Amino acid sequence: MEIKTAEFVISNSSVEKCPETQMPEYAFIGRSNVGKSSLINMLANRLKLAKTSATPGKTMLINHFLINGQWYLVDLPGYGYAKRSKTETAKLQKIISDYILKREQMTNLFVLIDSRHEPQKIDLEFIEWLGENGIPFSIVFTKADKSSRTKLHSTISNYLKVLQEQWEELPPYFITSSEDKTGRGELLDYIENINRSL
Ligand code: GTP
Ligand code: MG
């Protein structure tokens, strides 16, 4: 799929204030700093569409980006950033869970996992919560450019093995790099196919 237009629409702190359109939305979630905003920019082919940062905790709101005038990419705040206050963590958790549970337009949630790391409890628990709530999701392994091919494949196959202990059937998964655009075509095709099926 070709990205012809990508525009920022709105940032807000609650699902109630999200755009009142019925267009499908593809949202991105994962630990702070995993590369959500960078991936959105890579998909949209626009370096500064979503704000990125080398320090975790950059995205604090729900951000809607309209693509080709037909569907949205949605950048969400990350979870699991240890340096936040309890109040702030609770507030962000509510923003995230309200969006995921209540936003009917959310067609698919991409759960981002850093491809360099062993499975972490916080992500596995989050994925389990998605399953319990029947949320449609896929896994996106990020920052593939940071590891050698051998290391990358062994970490990912180990990750899938751990997921298989939890899931009868594995969710769709993608291997990506926002640096060298690995996985861009696959992800856009996947989105296009879902859009067509709606
Ligand atoms: P929060 O908004 O804080 O939750 O973070 P985020 O998940 O949106 O991460 P962001 O896109 O801001 O990226 C965090 C850092 O990782 C930045 O320094 C990015 O440049 C870097 N980064 C993201 N994706 C990649 C990638 O594919 N490869 C490499 N090498 N660096 C990446
Ligand atoms: Mg971000």
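Of all the numbered requirements in (1) within 18 Å of the chain's Cα centre (by Cα); (2) open to solvent by less than 70 Å² (accessible area, probe 1.4 Å), residue 121 misses one, and that requirement is (2). Filtering segment 31-47 to residues that are at pLDDT 95 or above and more than 6 Å from ligand 1 (Cβ to nearest atom) leaves 31, 39, 40, 41, 42, 43, 44, 45, 46. Remark: pairs (first residue in segment 120-133, under 16 Å from residue 98 (Cβ atoms); second residue open to solvent by less than 70 Å² (accessible area, probe 1.4 Å); Cβ separation under 8 Å; 6+ apart in sequence or on different chains) = 126/29; 126/79; 126/111; 130/100; 130/109; 130/111; 130/137; 133/100.
Taking every residue in segment 67-83 that is farther than 29 Å from residue 196 by Cα and outside any loop (DSSP other than H, G, I, E, B) and pairing it with any residue that is open to solvent by less than 10 Å² (accessible area, probe 1.4 Å) and within 8 Å of ligand 1 (Cβ to nearest atom), at least 6 positions away or on another chain, the pairs with Cβ-Cβ distances below 8 Å are 79/30.
Identify the residue in segment 69-88 that is touching a strand residue (DSSP E or B) at 6+ places or on another chain (Cβ under 8 Å) and open to solvent by 30 Å² or more (accessible area, probe 1.4 Å) and, among all such residues, is farthest from ligand 2 (Cβ to nearest atom). Checking each candidate, the answer is 80.
For residue 56, the conditions (1) at pLDDT below 95; (2) open to solvent by less than 20 Å² (accessible area, probe 1.4 Å) all hold with the exception of (2). Screening the candidates 91, 143, 151 for the property of being among the basic types (Lys, Arg), modelled with pLDDT under 95 and open to solvent by 10 Å² or more (accessible area, probe 1.4 Å) yields one hit, 91. Restricted to helices (runs of 4 or more DSSP H) entirely inside segment 103-198, those with at least 1 residues that are within 30 Å of residue 20 (Cα to Cα) and out of contact with any helix residue (DSSP H, G or I) (no Cβ under 8 Å at 6 or more places or on another chain) are 121-132, 184-197.
The values are calculated or read from the model by the stated rules, or taken from the named source; none is laboratory data. Being a predicted model, the structure only gives us computed values, none of them experimental. Note: ideal-geometry Cβ built from the backbone for every residue, glycine included; neighbour counts use all protein chains shown. Protein only, heavy atoms only, side chains kept; ligands, DNA and RNA dropped before computing areas. Shrake-Rupley method; radii C 1.70, N 1.55, O 1.52, S 1.80 Å.
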